[in-house]
Amino acid sequence: MSLNEADRAPPEASIIRRLVQQHSGASSTMPVMKREWIVRVHDVASVIILDYLMLSAYHDFFAIVFIAAGLDQSWEWPPLFGQITKAYTMRRYWSLFWHRLIYRSFNAHATATSSWLGINQKTIFSSFFNNWLVFLLSGIMHGAVFWKLRAPSAWSRNLKYWLLQPVAFMLERVVQHYWGKARSSLRVQHSVLAFFERIVGYIWVFAWLIWEAPGQNFSTYNCNTNWHG
């Protein structure tokens, strides 16, 4: 797909507000067009696929080198990514599918910090607080990369992207809580319900990604582009 500068124009980073304006009859400086959806899907897919292939290639190369040299055993180099079919919630997307390069380190630091603050580690609050700290650390790390790549203006949008991830977890928990109550009263086969839940989950993850992820990509792109509306 051939993209141009206008496809990632700053006003297009926000889509929900413009959709509401468009369908409520209010004035909108830039209506949501079909091409914009295509661009968002393209951006999400390209980032996921490229990162998956690049990081997996590095991982596999060094696994071959260290195992062949007798320095490591094969079990010390498990697959870097999980199965994407398991990513039917955003929590599962990050915990079961995406790479685990920084998870253990950041999770350990987050747990140590919340414990130092006196937060009980057996509560729901501590779970979300630790999640927030993990993504805060990830946002800082990725922001440093953008700074190194001379895209400092993307720092705030990058941090917002990472700090919004736990919000998805909270929304999922609320929906799962109320759905669990309603589910028990439904006279539908378990396999049918499970299939329905899985499909809805995939749609949810896809919708979250195409809503949230391009904002980060657009801001990074526009750091080095003199866009004029």
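Overview of results
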| read-out | value |
| --- | --- |
| Restricting region 6-21 to residues that are modelled with pLDDT of 70 or more and either more than 16 Å from residue 210 (Cα to Cα) or acidic (Asp, Glu) (or both), the residue that is surrounded by the fewest Cβ atoms within 10 Å (Cβ to Cβ) | 20 |
| Residue match in region 75-82 (condition: aromatic (Phe, Trp, Tyr) and not in a helix (DSSP H, G or I)) | yes |
| Boolean, residue 62 is touching a helix residue (DSSP H, G or I) at 6+ places or on another chain (Cβ under 8 Å) and on the phi < 0 side of the Ramachandran plot | no |
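Table: residues versus (1) surrounded by 12 or more Cβ atoms within 10 Å (Cβ to Cβ); (2) small (Gly, Ala, Ser).
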| position | (1), (2) |
| --- | --- |
| 35 | yes, no |
| 44 | yes, no |
| 49 | no, no |
| 53 | no, no |
| 78 | no, no |
| 83 | no, no |
| 95 | yes, yes |
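The values are calculated or read from the model by the stated rules, or taken from the named source; none is laboratory data. Because the structure is predicted, anything quoted here is derived from the model rather than measured. With ideal geometry, Cβ positions are generated from the backbone for all residues, glycine too; neighbour counts draw on all protein chains shown.
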